[in-house]
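The values are calculated or read from the model by the stated rules, or taken from the named source; none is laboratory data. Please read all numbers here as calculations on a predicted model, not as lab measurements. When we count neighbours, we look across all protein chains shown, and the Cβ atoms used for this are built from the backbone with ideal geometry, even at glycine. For accessibility, only protein heavy atoms count, side chains too; no ligands or nucleic acids. Shrake-Rupley method; radii C 1.70, N 1.55, O 1.52, S 1.80 Å.
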Number of protein chains: 2
Amino acid sequence: MSDRNLSQLDHALLELRSLVMNGEFSGGQRLSEVAVAKQLGTSRTPLRQAMDRLVAEGLLERIETGGCRVATFTRDDIADAIELRGVIEGTAARMAAERGVSAELLSQANAVLEGIDRAIKASNGLNFECYVHRNAEFHTLLAKFSGSALVQREIERVSMLPLASPSAFLSEQAAIPDFVDSLRYAQRQHRAIVEAITNHEGARAEALVREHARLALINFNYLTDVQPTLVNDVPGLALVAST
Amino acid sequence: MSDRNLSQLDHALLELRSLVMNGEFSGGQRLSEVAVAKQLGTSRTPLRQAMDRLVAEGLLERIETGGCRVATFTRDDIADAIELRGVIEGTAARMAAERGVSAELLSQANAVLEGIDRAIKASNGLNFECYVHRNAEFHTLLAKFSGSALVQREIERVSMLPLASPSAFLSEQAAIPDFVDSLRYAQRQHRAIVEAITNHEGARAEALVREHARLALINFNYLTDVQPTLVNDVPGLALVAST
DNA sequence: TTTTTCAAAATTGTATACATTATATTTATT
DNA sequence: AATAAATATAATGTATACAATTTTGAAAAA
């Protein structure tokens, strides 16, 4: 119902990404263009374009003899993606501290931080949905702080890899011991990061962001360890090689 | 003559990238698919695919109303690209130091370093061509050291941006004062980097690589400052906004 | 039984025709 | 004359037909 007035390409891109993320095509087999095109109700042309973009994203990989298949991700691959995201986000923070950030952007950041506070201290406990949303906003803003379109783009790129986004599978982690406490810890890191940027402490800002990314890594490890007991429809989880 | 047995797509990709890099389509105008397809002697289908990939590379950018145009790069954009390359290469070095590198790869690195030495101390002065080649090899190897396919890929990606590669416009810099001396300095950095990795000194390896990337930045600044006096066919230079 | 060869089938790569949308030009109106 | 509307033109987006390649499967040979 949201697909009207979307181009065939955009439709195919969204649909195909979702199917791949949910493990619809697992098996390492080449995915047939005619079959998938029929499944998505479009022609081969926009589908091929969508496939091309997913290859660029890293979700699919080309086969030497033609066509492409779903890429497989080991746990190490995803850990690397999370670490690399932390590294580039750290660079964004350092650049922001070194180059300065407009008062307007800073006030936006503070507004987001207050939003996160409210999500944590909601009257009926934690407001997951709101937290996830605000957290994503914070990281988007952090990328913007860099003042570099390239850095911003690369953060987005890496964050698009399965389970690498700062908000990935956040709401599935209620089972983690001391989960709410870790959210509070993350929020203190958020504030420290903004503080360091405001004070033009580049090295500190970078280090803090990297440390912040380690939380995602810890959560990912927990997620994969207890995988069987958790709901299995976390997007991207199906792509993690089991061995 | 090298284009036989290349697919239409590969042909279009190479040709189009080269044309764009050399400023054939400067002007910010949308580049017409039919016109360019005719110019490359192929049909629209593989050309569109090639355009799509160049958009993913960042060389072209999509236009909201359809089609795409050549992206424009400010000096700051390129400086950011060089810095980001340094950051990710630094991560590769740190990962290599932390995780360890096989003896075989290390010996390959040492062989490359000796090759660079020979290029610098060639009987008839400096051997540019050889130096450029070996230097590229060193950086490729460094990416490989990370042990992470993702990190390797992202280094390649960023290095593909105009003037961001570690070997970009190296041979055009003979006019730089103390140029050979700076190559010797760079080579000492290379050795220090390998040493740090061998000794599992992650933080040092990372810092050294970042410092190493600053050389490219210095050279880029020199290049753009004296741009009028230098040969103007340095690939990518045409894309730098003059203002 | 296993391997090799060859042909048929199916799949991807490419070209092109068509539909749809954006752009340019012209005409009408203020 | 300047602006707005309308039409004509040209461009991109999409579907499909065809060509080239790969894959599959069967038949023949070892």
Within segment B:142-151, restricting to residues that are open to solvent by 50 Å² or more (accessible area, probe 1.4 Å) and in contact (Cβ under 8 Å) with a residue 24 or more places away in the chain, the one that is nearest to the other protein chains (Cβ to nearest Cβ) is B:GLY147
Across (1) surrounded by fewer than 16 Cβ atoms within 10 Å (Cβ to Cβ); (2) within 16 Å of DNA strand D (Cβ to nearest atom), A:ASN110 clears everything bar (2)
How many residues of segment B:59-88 are closer than 21 Å to B:ALA213 by Cα and within 11 Å of another protein chain (Cβ to nearest Cβ)? The answer is 15
Of the residues in segment A:59-90 that are surrounded by fewer than 18 Cβ atoms within 10 Å (Cβ to Cβ) and of a type in the set (Asp, Glu), the one that is farthest from DNA strand C (Cβ to nearest atom) is A:ASP76
### Query
For B:PRO166, are the conditions met, namely being open to solvent by less than 60 Å² (accessible area, probe 1.4 Å) and assigned to a loop (DSSP other than H, G, I, E, B)?
yes
Note to self: When you check B:ASN110 against the structure, is it outside the structural domain of B:PHE145 (by TED's automatic domain parsing), more than 16 Å from DNA strand C (Cβ to nearest atom), within 25 Å of the chain's Cα centre (by Cα) and in contact (Cβ under 8 Å) with a residue 12 or more places away in the chain, yes or no?
What the structure shows: no
Could you please let me know if B:GLN49 is in contact with a helix residue (DSSP H, G or I) (Cβ under 7 Å, 6 or more places away or on another chain), closer than 23 Å to A:ASP10 by Cβ and free of Cβ contacts under 8 Å to residues at least 60 places away in the same chain?
yes
- Is it fair to say A:GLU33 is of a type in the set (Asp, Glu), within 14 Å of chain B (Cβ to nearest Cβ) and open to solvent by 30 Å² or more (accessible area, probe 1.4 Å)? yes
Any chance B:ALA93 is more than 10 Å from chain A (Cβ to nearest Cβ), touching a residue at least 24 places away in the same chain (Cβ under 8 Å) and surrounded by 21 or more Cβ atoms within 10 Å (Cβ to Cβ): yes
Scanning segment A:169-205 residue by residue, those more than 15 Å from A:ILE218 (Cα to Cα), among the hydrophobic types (A, V, I, L, M, F, W, C) and either surrounded by 15 or more Cβ atoms within 10 Å (Cβ to Cβ) or more than 14 Å from chain B (Cβ to nearest Cβ) (or both) turn out to be A:ALA192, A:ILE193, A:VAL194, A:ALA196, A:ILE197, A:ALA205
(1) within 13 Å of DNA strand C (Cβ to nearest atom); (2) surrounded by fewer than 16 Cβ atoms within 10 Å (Cβ to Cβ); (3) within 21 Å of A:ILE63 (Cα to Cα) all hold for A:PHE25 apart from (2)
Going through (1) of a type in the set (Gly, Ala, Ser); (2) buried (at least 17 other Cβ atoms within 10 Å of the Cβ); (3) within 10 Å of another protein chain (Cβ to nearest Cβ) one by one, A:ALA56 fails only at (2)
Point to revise | Flag if B:GLY115 is outside the structural domain of B:GLU195 (by TED's automatic domain parsing) and open to solvent by less than 60 Å² (accessible area, probe 1.4 Å) | key: no
Requiring at least 2 residues that are within 13 Å of DNA strand D (Cβ to nearest atom) and among the basic types (Lys, Arg), the helices (runs of 4 or more DSSP H) wholly within segment B:7-77 are B:44-57
If you go through A:GLU104, A:GLU137, A:GLU156, A:GLU98, the only one that is outside any loop (DSSP other than H, G, I, E, B), within 14 Å of chain B (Cβ to nearest Cβ), over 22 Å from B:GLY58 (Cβ atoms) and open to solvent by 10 Å² or more (accessible area, probe 1.4 Å) is A:GLU98
